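Chemist: Encoded as structure tokens, here's the structure I'll be asking about.
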Amino acid sequence: MYARTFGATTQGVDGLIISVEVDSANGMPSFDVVGLANAAVREAKERVRTAIKNSGLRLRQEKVTVNLAPADVRKESSGLDLPIAVGLLAAQGKFPTEILNEFVLISELSLEGKLRAVDGILPMTVTARDAGFKKIVVAQDNINEALLVEGVEVYAPQTLIELVEFFQGEFEIKPATPQPVEEVDGFIELVDDFSDVQGQFMAKRALEIAAAGGHNVLMVGVPGSGKTMLAKRVSSILPELTHEEALEVTKIYSVAGKLKRNGGLITKRPFQNPNHDASTAAIIGGGIIPKPGQVTLAHHGVLFLDELPEFKKNVLESLREPLEERQITVSRVNGTLTFPSSMILICAMNPCPCGWYGDKDHTCNCSPLEIKRYTRKLSGPLLDRIDIHIRVPRVKYEDLTSKRKAETSAAVRERVSAAREIQLQRLQKYNLFCNAQMNHAMLQEFCKLTEDAEKLLKDVFETKKLSARSYDRIIKVGRTIADLDGGAAEISAKHIAEAVKLRNDLDMDVQ
């Protein structure tokens, strides 16, 4: 007898509906799973048979064939356990098969027949709704994640036998409601705030501009100047995530397996700080079936690379595509997937191996060759994609011991949010939300320069021998500065002057 159920798996950061076809017929007893299943899915037959037996159900000893369609797409989710088990029971006549057309079933099975949570429920539920399904069955630890999607009824039985009896009409399962999230008592969460940083007014201003326009930043400074402290507080001055942005981020973390069980919508902007020994696959994404990397986990947030020259050169060069295109395409034998990577890159580094080059109060012990070798990993094309280059000097004693309260993140975020709102209104017809995302054609439409500003930019372009990309990025930063300055219609000479200073504050001028 033949039966069909519907399950789901993930493909990149999206879901994919899987048609699970089960045929149980007379013949030599066997259990075959076909349709490009990986090891976790192929092993489902052992979990399914044992779970059915331990649920008190009996199977006839027949030849069982399970086909996972579409057959040309590799599947790697243990969440296919449940549709395989239900399909097998339906194929052997345990309940009518017509009811199965209404449901998408997503859950792993334990050997005793309990439903277990799986990763990627949010994108799978979105895909199920878009495909016309109105009902979905998940494990109880996935309830809150599935309920983030409107227009779908979520059912969460504890065991396989409860679901079977529900399909038989002998047991009632009501649509699930949001579950309380466990809170950990006994500690106070520390909140990083801009007011913790004493002095460093120019660096703070640069980071405010970066947050307002979505620009990338490189900070170069001596050890202990506060580069890391500043970078970790950038998230605190970014605007709140919109609902659409929050859904995107939650989908990514769900697919990556980094969403807490029964956790709901992620409402804080991501901050990723990978170690400098991270591989290219860890930063960009990879695996036999590609998974999101750090650039994708930082989507709509911040990717912070501390001690930038310590990263492998090939890792740094791999950042060029996501910085330019705001997405990354990962190709493997089993497929090519595209992940979003619209993030702010914040980089920090010392000026030389010993850290004291250029500091008037300390002697640098590095030779010119050592300094050149230290900075060699930072190629011109990579630096060209970083909008703001600033030097972070050693903190003065007077600033460090000052009793004057520094400006809080809330105050800075208010200005940043106002500037972002201006950009959102300006760019909404292109579905963009910040100046850094504009292309050259948009610059001509939205970035009108005054006569003085044009003259200044021309002088800088010819004197510094800037690239076309540098020219565009200076204008984008100038547009952001104008937005912070009350949303001026035209970019003035003072706006361009500050943008130029923020890009050429280092000795390593970008060509």
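Chemist: So if I take the centroid of the Cα atoms in the range 87-112 and the same for the range 260-326, what is the distance between those two points in Å?
Modeler: Rounded to whole Å, the Cα centres lie 39 Å apart.
Chemist: Can you work out ³J(HN,Hα) from phi for every residue in the range 86-102, in order, using Karplus 6.51 cos²θ - 1.76 cosθ + 1.60 and θ = phi - 60°, giving whole Hz and x for Gly and Pro?
Modeler: Here the 3J(HN,Hα) series is 5, x, 5, 5, 5, 5, 9, x, 6, 7, x, 7, 4, 5, 5, 5, 8 Hz.
Chemist: Per q in 0.23 1/Å, what log10 I(q)/I(0) does a Debye calculation on the alpha-carbon atoms of the range 395-511 return?
Modeler: -1.26
Chemist: Which entries of Lys377/Lys448; Lys377/Lys464; Lys429/Lys464; Lys232/Lys476 show an alpha-carbon separation above 27 angstrom in the structure shown? Don't skip to the answer; put the middle values down first.
Modeler: Values: Lys377/Lys448 36 Å; Lys377/Lys464 22 Å; Lys429/Lys464 35 Å; Lys232/Lys476 24 Å.
The pairs that break the limit, which is 27 Å between Cα atoms, are Lys377/Lys448; Lys429/Lys464.
Chemist: What angle do you read, to the nearest 10 degrees and between 0 and 90, between the alpha-carbon axis of helix 451-464 and the longest principal axis of the chain?
Modeler: That helix lies at roughly 90 degrees to the long axis.
Chemist: A follow-up question, please. Can you pull out the trypsin sites (Lys or Arg not before Pro) in the range 364-394 whose DSSP state is coil and whose Cβ has at most 13 other Cβ atoms within 10 Å?
Modeler: Arg376
Chemist: Using helices alone, what [θ] at 222 nm do you get for the chain, with -39,500 (n - 2.57) per DSSP H run of 4 or more residues, divided over all residues and rounded to the nearest 500?
Modeler: Working: 21 runs with 184 residues, N = 511.
Rounded to the nearest 500, the figure is -10000 deg cm²/dmol.
Chemist: Find the relative contact order for the range 389-511 and round it to a whole percent, using C-alpha pairs within less than 8 Å whose residues are 6+ positions apart. Before the final figure, lay out each step's value.
Modeler: Details: 109 pairs, mean separation 41.9, N = 123.
Contact order relative to length: 34 percent.
Chemist: So how far apart, in nm, are the two label points at Lys403 and Ser367 if each is 7 Å from Cα heading toward Cβ?
Modeler: 5.2 nm
Chemist: Let me see the P(r) profile for the range 41-155: every Cα-Cα distance counted, bins of 10 Å, each bin given as a percent of all pairs.
Modeler: Going out from 0 Å in 10 Å bins, the range 41-155 shows 13, 44, 36, 7, 0 percent.
Chemist: Quick check on the range 275-318: what are the equivalent-ellipsoid semi-axes from the Cα gyration tensor, as sqrt(5λ), descending, whole Å?
Modeler: 17, 14, 7
Chemist: I've got another one for you. Could you tell me what fraction of 2.2 N^0.38 Å the Cα radius of gyration of the chain comes to, as a two-decimal ratio?
Modeler: 1.17
Chemist: How much length is gained if the chain between His440 and Glu462 is pulled fully straight, taking 0.36 nm per residue apart and subtracting their Cα-Cα distance, in nm to one decimal?
Modeler: Result: 6.0 nm gained on full extension.
Chemist: Okay, next question. What is the dipole size for the range 108-224, taken about its Cα centre, with +1 at each Lys and Arg Cβ and -1 at each Asp and Glu Cβ, in debye to the nearest 20?
Modeler: 540 debye
Chemist: Next up: Place +1 on the Cβ of every Lys and Arg and -1 on the Cβ of every Asp and Glu in the chain, take the dipole about the Cα centre, and give the residue among Pro96, Leu265, Pro178 whose Cα lies farthest towards its positive end.
Modeler: Of the candidates, Leu265 comes out farthest on the positive side.
Chemist: Any idea how far apart Gln327 and Asn431 come out in nm if each label point goes 7 Å out from Cα toward Cβ?
Modeler: According to this spin-label approximation, the distance is 0.9 nm.
Chemist: In the chain, which longest range has no GluC sites (Glu not before Pro) that are both DSSP loop (not H, G, I, E or B) and surrounded by at most 13 other Cβ atoms within 10 Å?
Modeler: 241-489
Chemist: For the chain, which whole percent of the accessible surface, found with a 1.4 angstrom probe, sits on carbon and sulfur atoms?
Modeler: Ligands and nucleic acids excluded, carbon and sulfur reach 50 percent.
Chemist: Something else: Write down the Kirkwood hydrodynamic radius of the range 228-348, to one decimal in angstroms, obtained as one divided by the mean of 1/r over all alpha carbon pairs.
Modeler: 14.7 Å
Chemist: Given H placed on each backbone N at 1.01 Å, which residues far from Gln92 in sequence or on other chains put an amide H within less than 5 Å of it?
Modeler: Under 5 Å from the amide H of Gln92 lies no amide H from a residue far enough along the sequence or on another chain.
The values are calculated or read from the model by the stated rules, or taken from the named source; none is laboratory data. Just so it is clear, the structure is predicted and the values come from calculations on it, not from any experiment. When we count neighbours, we look across all protein chains shown, and the Cβ atoms used for this are built from the backbone with ideal geometry, even at glycine. All accessible areas refer to the heavy atoms of the entire protein, side chains included, with ligands and DNA or RNA removed. Shrake-Rupley method; radii C 1.70, N 1.55, O 1.52, S 1.80 Å.
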